[in-house]
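Have a look at the structure below, then the notes.
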Amino acid sequence: MDKTTEAGASLDLGHGISFGEAFWVWLRVAVLSFGGPAGQIAVMHRILIEEKNWISESRFLHALNYCMLLPGPEAQQLATYIGWLLHRTAGGIMAGGLFILPGVIAIMALSYVYAAYGNVGFVEAVFFGLKAAVLAIVVHAVVRVGKRALRNRAMIALAAIAFVAIFFFNVPFPIIIIAAGVIGYIGARSGRPEFAAVEHGGGNKAAAVDSLLGEDLPEHVRPSVARALKVSSVWLMLWVVPVAALLIGLGQANVFSQIALFFSKMAMVTFGGAYAVLAYVAQQAVEHYRWLEPREMLDGLGMAETTPGPLIMVLQFVGFMAAYRDPGTLSPMLAATLGGLLATWVTFIPCFLWIFLGAPYVETLRGNKGLAGALTAITAAVVGVILNLSIWFGLHTLFRQTTPVRSFGLSFDMPVWGSLDIAAFVLAAAAATAVFRLNVGMLWVLAGSCAAGVTLRFAGAL
């Protein structure tokens, strides 16, 4: 194909895929992106490789391996990576932006309903059912990730230590991740086989390690210091300037400044996917900032589970409720809208920075045993963190009351056994049966649990 102009080159780069065609394909991917990262990656694999043949299996898995190293939602970053590979920066922005757009709209609409009518019986019943299903789905995530990551005694020990540290001693999530990474790096560098890289599913071993540099590369994929400096300056300004403006203009005590700072920090430490980081978010948002109640955090997770896009979109709901509760001089709904959008902005802008800055250099990371070992150890520690999350959710779903234990260095919540919610227990057990034994799809489980919650409400059981 004749690329006679820079504009033409930026549109198809010789592969014949127009920007307009890519737009509709990425929109289709976004609308179908239910089911968490595993489901979202599967959708992209089917559409981009099997249907469209836009990218080779080796490139797809190479990009996925890189995205797994990064903080943030790997599925959204994978879409950004492939979009950038096909149509440069504009293509990456389009693919990554469209990937989250349906979720932004859906979560915002549900947040309006929740804030306005959350105490109405029907809405409460719907979310009562959602929480039971979410509990089953989170437990399923522990089992799914555990089977892949805990393949030897060293990995099991790391997961156990991570669980004990975060659940019983309230050790911050970032410290756990850093410690696991250091252990994995040292273990791999010393030649310990327990710290060999975890393979991703979806392709054979040869394809998963196929070098991107072994194929023809578009010019824009080749790294350069000048380009790296330009990318860094642009995306850091988009990220840091709004945060700094809020801090200077409103002060650190203002809820918008707190949202900007807290979720900016989350954007840098969200290794291991949404399930892993939500334990830390819930801990801070509920116990430290008191933006939400535990049940509301569960409700937000239920919203994110039922809408397309990354599960980390629940952070938009957290920002929404934080500003709704502390609107200042603004109307509560306006403040909530701005708070939700601010949380989304500082969560996802760094994702674009990681891809546009790091992707051209990613091949220098391949074959690095230390780095692979660090990722393997982090993945194992994440299993312990997710287990903590499932127990935390379980406590606040199945029991009406908990009592804090704060002595001898311990810091955790103990259930009040007499406050067991029988209806919630039965619903959670039914959802777990559907997920584990009957292999029912996630959306069907969520819909059935919502319907059961409404039925129990009308029957007077709630």
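At a glance:
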item	result
Förster radius 25 Å - calculated FRET efficiency between R290 and A109 (Cβ-Cβ, nearest 0.05)	0.50
Probe 1.4 Å - accessible area at T379, Å² to nearest ten	20
Helix 422-436 vs. the chain, principal-axis angle (Cα, 0 to 90°, nearest 10)	30
F399 long-range amide H proximity, modeled H, under 5 Å	D421
Separation in nanometres of the label points that stand 7 Å from Cα toward Cβ, at W24 and I248	4.6
Whole-number accessible area per residue in Å² for the chain, which is evaluated in the context of all protein chains at 1.4 Å	43
Order of exposure, largest accessible area first, which applies to F408, F393, F436, F256 with probe 1.4 Å	F408, F436, F256, F393
Gyration tensor (alpha-carbon) shape descriptor, the chain, a/c threshold 1.5	prolate
Cα shape, the stretch 386-438, gyration tensor, a/c 1.5 rule	oblate
Angle in degrees between helix 19-31 and the longest Cα principal axis of the chain, rounded to the nearest 10	20
Net charge over other residues, Cβ less than 10 angstrom from the Cβ of P404 (K, R count +1; D, E count -1)	-1
Most to least accessible of E305, E50 (protein chains only, probe 1.4 Å)	E50, E305
Stretchable slack from S419 to A459, in nm (0.36 nm times residue separation minus alpha-carbon distance)	12.3 nm
Vicinal HN-Hα couplings computed from phi for the stretch 280-293 (Karplus, 6.51 cos²θ - 1.76 cosθ + 1.60; Hz; Gly/Pro x)	6, 4, 4, 4, 6, 5, 8, 8, 8, 7, 6, 6, 9, 8
Approximate spin-label separation R192-I47, in nm, with each point projected 7 Å along Cα-to-Cβ	4.2
Helix 121-149 vs. the chain, principal-axis angle (Cα, 0 to 90°, nearest 10)	50
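The values are calculated or read from the model by the stated rules, or taken from the named source; none is laboratory data. All figures in this text were calculated on a predicted structure; none of them were measured in a lab. All Cβ positions, glycine included, derive from the backbone under ideal geometry; neighbour counts span all protein chains shown. Each accessible area value is taken on the protein alone, full model and side chains, heavy atoms only, with ligands, DNA and RNA left out. Shrake-Rupley method; radii C 1.70, N 1.55, O 1.52, S 1.80 Å.
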